[in-house]
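S.K.: Take this structure, written in structure tokens, and hold onto it; I'll ask about it next.
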Amino acid sequence: MVRLYESPGRAGAGHLGPGFPVCRAEVTDLLERRLHEGDLAFGLRPFQILTRSLRPE
């Protein structure tokens, strides 16, 4: 699980670069329930909390 938080109050974008091969990245809610399939790129709204579940190969 990876949790990202946009603290400065500005929208932004990024890309996760884990140190291991990833076969699947899922977007989850704060209770870590799967919402939908995603990838390693992401966008954040001001003050948004984003949780990703990374599945290693």
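S.K.: Go through the stretch 19-31 and count every residue that is surrounded by fewer than 12 Cβ atoms within 10 Å (Cβ to Cβ) and either of a type outside the set (Gly, Ala, Ser) or in contact with a Gly (Cβ under 6 Å, 6 or more places away or on another chain) (or both).
M.R.: Residues of the stretch 19-31 that are surrounded by fewer than 12 Cβ atoms within 10 Å (Cβ to Cβ), as a first pass: 19-21, 23, 29-31.
The next check asks that each one be either of a type outside the set (Gly, Ala, Ser) or in contact with a Gly (Cβ under 6 Å, 6 or more places away or on another chain) (or both); those that pass are 20-21, 23, 29-31.
Matching residues across the stretch 19-31 total 6.
S.K.: Please specify each residue of the stretch 3-18 satisfying the condition of being in a strand (DSSP E or B) and either closer than 13 Å to ILE49 by Cβ or open to solvent by 40 Å² or more (accessible area, probe 1.4 Å) (or both).
M.R.: Of the stretch 3-18, the ones in a strand (DSSP E or B) are 3-5, 12-15.
Within the stretch 3-18, ARG3, LEU4, TYR5, ALA13, HIS15 qualify.
S.K.: Ok, one more. In the stretch 19-34, which residues are farther than 13 Å from PRO56 by Cβ, in contact (Cβ under 8 Å) with a residue 12 or more places away in the chain and not in a strand (DSSP E or B)?
M.R.: Across the stretch 19-34, the qualifying residues are ASP29, LEU30, GLU32.
S.K.: Name every residue in the stretch 40-57 that is open to solvent by 90 Å² or more (accessible area, probe 1.4 Å) and part of a loop (DSSP other than H, G, I, E, B), in order of residue number. Break it down into steps so the answer makes sense when it comes.
M.R.: Filtering the stretch 40-57 down to residues open to solvent by 90 Å² or more (accessible area, probe 1.4 Å) leaves 45, 47, 55, 57.
Within the stretch 40-57, ARG45, PHE47, GLU57 meet the criteria.
The values are calculated or read from the model by the stated rules, or taken from the named source; none is laboratory data. Keep in mind it's a predicted model, so treat the numbers as computed, not measured. FYI the Cβ positions are ideal-geometry reconstructions off the backbone, even for glycines, and counts take in every protein chain you see. Heavy atoms of the whole protein, side chains included, go into the accessibility calculation; ligands, DNA and RNA do not. Shrake-Rupley method; radii C 1.70, N 1.55, O 1.52, S 1.80 Å.
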